[in-house]
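Below is one structure; the comments refer to it alone.
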Amino acid sequence: MLKGTFACIDAHTCGNPVRLVTSGHPNLKGRTMSDKRQDFLAHHDWIRRALMFEPRGHDMMSGAFLYPPCSEQADAAILFIETSGCLPMCGHGTIGTVTAALEAGLITPRVAGELRLDVPAGQLQVRYQQSAGKVDWVRLTNIASYLAHREVTLSVPGLGDLTVDVAYGGNYYVIVDPQRHYPGLRHWGAEKILRWSPLVRQIAQQTLDCVHPLDATVQGISHVLWTGEPLHGDSDGANAVFYGEKAIDRSPCGTGTSARMAQLHAKGLLDTGEQYVHESIIGSQFIGRVEATTEVGPYPAIQPSIQGWARVTGHNTITVDDDDPYAFGFQVL
Ligand code: PYC
């Protein structure tokens, strides 16, 4: 029996996939996008698994649904989907969604060049430049980001001690800077990042409490950010973000860059107003900036912004028929 048909615009943001689903949306209950995220996870998660996992997706796959806004000021709302679940916030996902949606005429901004978007983690302010129909770049002012745990030593069996920070940029990140048992991103490569990240995340998760002070549904360490030397002279830093079970972000990671800037700002290494050009594992760049300082509950925080670009790669219609033994997807772990 046909369970669903989903029209999609496939795109990538600085190398990482974004599948914007443009039809087949489930009706979601709740007042806010945080409520709707919970409703989706409880009652409609098969759609995420079918669209993100193999054979229709892959380990890095991520995507989004556009919904009507939840607040008066917003133009639209986004629900993020990916292999690990529904993230409270996704930076590369926002840039790809905004680009694909504007180019296809799916969002009509009240003010040209500006958008406000409700997402599960809060509200984003977006600016963009569009010429000849194509979106050249998108800059989003992300939700408030903060350093949650400073210089904690984790004992990682087989690797040794790692001293890490944990910061929030829309998701909670363990941030690993180069040190005795981690020589830096360019000395490790993908194979070691994939090997050690799940263990580092698991140990950090068991050791450190991470619950958002203003929304307890946003909790737990989901990502590991490994830093290192950039490839390009005009980048300030590089990173590889591990997420899901086997994924490394091909983009510089919007929430990761926000967390990184919150960490650097809290340690006096990045000023308010300063720009931070962040590079991904493939050398693509986001231009971050610390827009302002603020607070998240008891924590001093920053208001980060991230600028990047996305390109549409195609349009497809995905069907999910339960006569297919793999209708709801699988992962090879
Ligand atoms: O850009 O925020 C991001 C992101 C999260 C996971 C993959 N990319």
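Figures for the structure shown
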quantity	calculated
Added length on full extension, which subtracts the Cα-Cα distance from 0.36 nm per residue, Gln219 to Val332	38.1 nm
Region 189-333 shape via C-alpha gyration tensor axes, a/c threshold 1.5	prolate
Within-10-Å neighbourhood charge of Thr217 [Cβ basis; K, R +1; D, E -1]	-1
Net lengthening on full extension, Arg31/Glu245 (0.36 nm per residue, minus Cα-Cα)	73.9 nm
Residues with amide H under 5 Å from that of Thr294, placed H, sequence gap 5 or more	Ala301, Ile302, Gln303
Summed residue charge, Cβ within 11 Å of Trp46's Cβ, Lys/Arg positive, Asp/Glu negative	+1
Dimensionless Rg ratio for the chain, taking C-alpha atoms and the 2.2 N^0.38 Å reference	0.94
Span-rule helices in the chain, defined as complete DSSP H runs reaching 24 Å or more along the axis (Cα) with Kyte mean at least -1.0	190-207
Gain upon complete extension [Ser23, Ala104; 0.36 nm per residue less C-alpha separation]	27.8 nm
Charge sum, other residues only, whose C-beta stays under 14 Å from Trp137's C-beta, Lys/Arg counted +1 and Asp/Glu -1	+2
Cα→Cβ-extended label distance, 7 Å offset, between Thr272 and Val211, nm	3.0 nm
All-pairs alpha carbon distance profile, region 42-137, 10 Å steps from 0, percent	16, 46, 30, 8, 0
Pair Arg186, Thr153: separation of 7 Å Cα→Cβ label points (nm)	2.9 nm
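Coordinate-derived values only; no laboratory data. Values in this document were obtained by computation on a predicted structure and should not be read as measured data. For neighbour counting, all protein chains shown are included, and Cβ atoms are generated from backbone atoms with ideal geometry for every residue, glycine included.
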